[in-house]
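What follows is one structure encoded as structure tokens, with my remarks underneath.
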Amino acid sequence: ALSPSLRARILERTDGTPLFVEELTRALLESGRLQAAEDAAGSAIAVSQLSIPGGLHGLLMARLDRLGSARELLQALAVVGAEAGYPLIRALAGLPELTLRERLDQLVASGLLQVSETAPETVYRFKHALIRDVANGSMLSEWRARQHCLAAQAIETVYAGHLAERFGELAHHYEHGGRIEPAADYAQRAAERALSLCANAQAVAHFETAIRLLEGLPASPERQLRLASLYSQ
């Protein structure tokens, strides 16, 4: 329960945006400032002296900074996507089992991730898309590219028995990891699979991606043959 003056202050600074309200209140709780304000009976002076971040992006960045060693795990998951199964996370993180579990528990307890205990694997997902966006944008470009390559390799390892469903993901990760040749190969395979399933719109999108990637490679007889094959389809 918050005092009326503190509620008014929070609503004023957040424009009533639910995610902003939630994150701002959590930040005040974690810093201990909320309790200090309430100890002062939520008076106007105590509330006005609270140092509140001016925007949601800055607020979420501050929360990431307080994660410590769990921050890199959250960033790696942001590269993977909106959600990831535990086997993939384990392959990607390369951490001892106990350490990985502790960091995932920390991210769930912090309200950044949610967990779904569904068969056949436990799935972790970002609570809000904006959290993932901020985590993704907080990485240096070179480190992000490396994480994309690691994500692709983890997918190839964990889902080796049924990669066809993930050809599009693999093309995306290898492209953003700077590995253009495997990205083009997976994009072509994704297009051919979509075509076989009569998913024509998806097939066209993947074919266009494969062509764009191949056209960015140095000219060679092999590249020309592959382009001719793609254009013919």
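The values are calculated or read from the model by the stated rules, or taken from the named source; none is laboratory data. Treat the numbers as computed from the prediction; the structure is a model and nothing was measured. A quick note on method: Cβ atoms are made from the backbone with ideal geometry, for glycine too, and the neighbour counts reach across all protein chains shown. For the accessible areas, the whole protein counts, side chains as well, though only heavy atoms, and no ligand, DNA or RNA atoms are used. Shrake-Rupley method; radii C 1.70, N 1.55, O 1.52, S 1.80 Å.
Return the FRET efficiency for the residue pair THR25, LEU140: r is the Cβ-Cβ distance, R0 is 35 Å, and the value is rounded to the nearest 0.05.
The computed FRET efficiency comes out at 0.65.
Would you mind classifying the stretch 150-211 by shape? Square roots of the alpha carbon gyration tensor eigenvalues, ordered a ≥ b ≥ c; an a/c under 1.5 is rounded, otherwise it is prolate if a/b is larger than b/c and oblate if not.
Oblate, because a/c is 1.5 or more while a/b does not exceed b/c.
By average Cβ neighbour count within 10 Å, what is the ranking of 153-161, 195-203 from highest down?
Listed from highest to lowest mean packing, they are 153-161, 195-203.
If each of GLU165 and LEU98 carries a label point 7 Å out from its Cα toward its Cβ, how far apart are those two points in nm?
Taking the two extended label points, one gets 3.4 nm.
Just going by the charge dipole of the stretch 93-141, with Lys and Arg at +1 and Asp and Glu at -1 on Cβ, which of VAL134, THR122, SER110 is farthest out on the positive end?
VAL134
Write down the accessible area per residue of the chain in Å², having rolled a 1.4 Å probe over the full set of protein chains.
That works out to 52 Å² per residue.
Based solely on its DSSP helices, what 222 nm [θ] is calculated for the chain when runs of n ≥ 4 H residues each add -39,500 (n - 2.57) and the sum is averaged over all residues, nearest 500 deg cm²/dmol?
-21000 deg cm²/dmol
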